[in-house]
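Undergrad: Can you keep this structure in mind? I'll have questions shortly.
The values are calculated or read from the model by the stated rules, or taken from the named source; none is laboratory data. The structure displayed is predicted, hence computed values, not measured ones. Because the Cβ atoms are built from the backbone with ideal geometry, glycine has one as well, and the counts that use them run over all protein chains shown. We work out accessible area using only protein heavy atoms, side chains counted, and drop any ligands, DNA or RNA first. Shrake-Rupley method; radii C 1.70, N 1.55, O 1.52, S 1.80 Å.
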Amino acid sequence: MSTNEAALPQSTVRVAQADPDGILLVIHAGAGNRGKKDTPERRAQVEQDLNRALEAGYALLEQGAPAEDAVCAAIRVMEDAPEFNAGRGAALTSEGIVSMDSCLMTGVDGEVGSACGLTTSKNPINVARAIKEKTKHVMFAKPGDNLLKEWGIELCDSEYFITSARQESLREAQSNGDEWEKHGTIGAVARDASGNIAAGTSTGGITNQMPGRVGDSPLPGCGTYANNDSVAISCTGIGEAFVKEVAAHQVSDRVLYAKEDPVEAAKAALDGVARHHGDGGMIVVPAHGDGAMVFNSEMMNCGWKSPKGSYVQS
């Protein structure tokens, strides 16, 4: 083992139990270090919001809805919760505004919709879905409000998204040094009663990021990916490292072509992320079998629900 390999952080694995072809929902709400703002009260609120997201998505799976419906329902709950870095409570750029990204991909057909630079969309995941279903394109950068209204997207003034906690984070980043702040990119992956899988991710990016910066979340194959022949994946962490590693697609390829176990494939991809000086995690739902939550950072907010039970960690 080389020195570089020995220095790689160990990945933590949480298994999401499911029947081999049964319904399953797995979610995440960010990975990183707990930091000085972590309190028992905040952790309890995060746990409550994760459970609400699981309930919203899983109820649809129980009714026989497609995987993408469950993914979007769970993500909308987390986008509306100010504890997470998406929708209301998204991170602020160096200009003090939100710049939100999202992506939705369905494994049954490989169709995907993606958006970046959103500033007025209440639920960015709805924009990704609209792009996937209502246009012939894959990605839009900063779609205008008139177009968003045509797609039926609910819009909000900038004040809706900005919280005092994010303003404080921006002040600290600009006065005390611009370090990575990892706090709450959200995502969901699901398998429905028909055996189809889907993945979605939504984020506000990084506190004090330069205007125009785009991370891994809206890039198919980097932070989000789904293929019925392999896995559905949503990632969270240092986006630049996940982009360089093409992390989500790599996991799919490892499962599909190298016949690796999804957990081992995720761990290998996270080792690659670590070589690019990044950390974070990913949630994985395969076409068959158990899902997983894998992370090489100190913590990851995440949870799962299936007929075999449920679990949340915050």
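Undergrad: Which condition breaks for residue 139 when tested against (1) under 30 Å from residue 256 (Cα atoms); (2) open to solvent by less than 10 Å² (accessible area, probe 1.4 Å)?
TA: (2)
Undergrad: Here's a follow-up. Does at least one position in region 70-89 carry a residue that is buried (at least 21 other Cβ atoms within 10 Å of the Cβ), farther than 19 Å from residue 28 by Cβ and not basic (Lys, Arg)?
TA: Checking region 70-89: not a single residue is buried (at least 21 other Cβ atoms within 10 Å of the Cβ), farther than 19 Å from residue 28 by Cβ and not basic (Lys, Arg).
Undergrad: Of everything in region 217-229, what is in contact (Cβ under 8 Å) with a residue 60 or more places away in the chain and open to solvent by less than 10 Å² (accessible area, probe 1.4 Å)? Give them in sequence order.
TA: 217, 218, 223, 224, 226
Undergrad: Moving on to the next point. What tally of residues in region 258-277 results from selecting those that are open to solvent by 10 Å² or more (accessible area, probe 1.4 Å), touching a helix residue (DSSP H, G or I) at 6+ places or on another chain (Cβ under 6 Å) and touching a residue at least 24 places away in the same chain (Cβ under 8 Å)? First the steps, then the outcome.
TA: Let us first name the residues in region 258-277 that are open to solvent by 10 Å² or more (accessible area, probe 1.4 Å), namely 258-264, 267-268, 271, 274-277.
Of the ones still in play, those that are also touching a helix residue (DSSP H, G or I) at 6+ places or on another chain (Cβ under 6 Å) are 260, 262, 276.
With the extra rule that they be touching a residue at least 24 places away in the same chain (Cβ under 8 Å), the set shrinks to 262, 276.
Counting residues in region 258-277 that are open to solvent by 10 Å² or more (accessible area, probe 1.4 Å), touching a helix residue (DSSP H, G or I) at 6+ places or on another chain (Cβ under 6 Å) and touching a residue at least 24 places away in the same chain (Cβ under 8 Å) gives 2.
Undergrad: Mind counting the residues in region 15-65 that are among the small types (Gly, Ala, Ser), outside any helix (DSSP H, G or I) and out of contact with any Ser or Thr (no Cβ under 9 Å at 6 or more places or on another chain)?
TA: So the answer is 2.
Undergrad: Give me the residue from region 93-115 that is hydrophobic (A, V, I, L, M, F, W, C), under 24 Å from residue 147 (Cα atoms) and not in a strand (DSSP E or B) and, out of that set, most open to solvent (accessible area, probe 1.4 Å). It would help to see each step written out before you state the result.
TA: If we filter region 93-115 for residues that are hydrophobic (A, V, I, L, M, F, W, C), which is where we start, we get 97-98, 100, 103-105, 108, 112, 115.
When the remaining residues are screened for being under 24 Å from residue 147 (Cα atoms), the result is 97-98, 100, 103-105, 112, 115.
The next check asks that each one be not in a strand (DSSP E or B); those that pass are 97-98.
Numbers: 97: 76, 98: 6 Å².
Restricting to residues being hydrophobic (A, V, I, L, M, F, W, C), under 24 Å from residue 147 (Cα atoms) and not in a strand (DSSP E or B), the top hit is 97.
Undergrad: Confirm whether residue 147 is surrounded by fewer than 19 Cβ atoms within 10 Å (Cβ to Cβ), assigned to a helix (DSSP H, G or I) and out of contact with any Asp or Glu (no Cβ under 7 Å at 6 or more places or on another chain). I'd like the intermediate steps shown before the answer.
TA: On the way: surrounded by fewer than 19 Cβ atoms within 10 Å (Cβ to Cβ): yes; assigned to a helix (DSSP H, G or I): yes; out of contact with any Asp or Glu (no Cβ under 7 Å at 6 or more places or on another chain): yes.
For residue 147, the condition - surrounded by fewer than 19 Cβ atoms within 10 Å (Cβ to Cβ), assigned to a helix (DSSP H, G or I) and out of contact with any Asp or Glu (no Cβ under 7 Å at 6 or more places or on another chain) - is met.
Undergrad: Residue under question is residue 61, and the condition is that it be farther than 14 Å from residue 191 by Cβ, buried (at least 24 other Cβ atoms within 10 Å of the Cβ), among the aliphatic types (A, V, I, L, M) and out of contact with any Phe, Trp or Tyr (no Cβ under 8 Å at 6 or more places or on another chain); does it hold?
TA: Details: farther than 14 Å from residue 191 by Cβ: no; buried (at least 24 other Cβ atoms within 10 Å of the Cβ): yes; among the aliphatic types (A, V, I, L, M): yes; out of contact with any Phe, Trp or Tyr (no Cβ under 8 Å at 6 or more places or on another chain): yes.
Taking the combined requirement at face value, the residue does not satisfy it.
Undergrad: At pLDDT 95 or above, among the aliphatic types (A, V, I, L, M) and open to solvent by 10 Å² or more (accessible area, probe 1.4 Å): which single residue out of 186, 233, 162 fits that description?
TA: Working: 186 fails: open to solvent by 10 Å² or more (accessible area, probe 1.4 Å); 233 fails: open to solvent by 10 Å² or more (accessible area, probe 1.4 Å).
Answer to the check: 162.
Undergrad: Has region 201-213 got at least one residue that is under 30 Å from residue 307 (Cα atoms) and assigned to a loop (DSSP other than H, G, I, E, B)? Steps first, please.
TA: At the first step, the residues of region 201-213 found to be under 30 Å from residue 307 (Cα atoms) are 201-203.
Now narrow it down to the ones that are assigned to a loop (DSSP other than H, G, I, E, B): none.
Checking region 201-213: not a single residue is under 30 Å from residue 307 (Cα atoms) and assigned to a loop (DSSP other than H, G, I, E, B).
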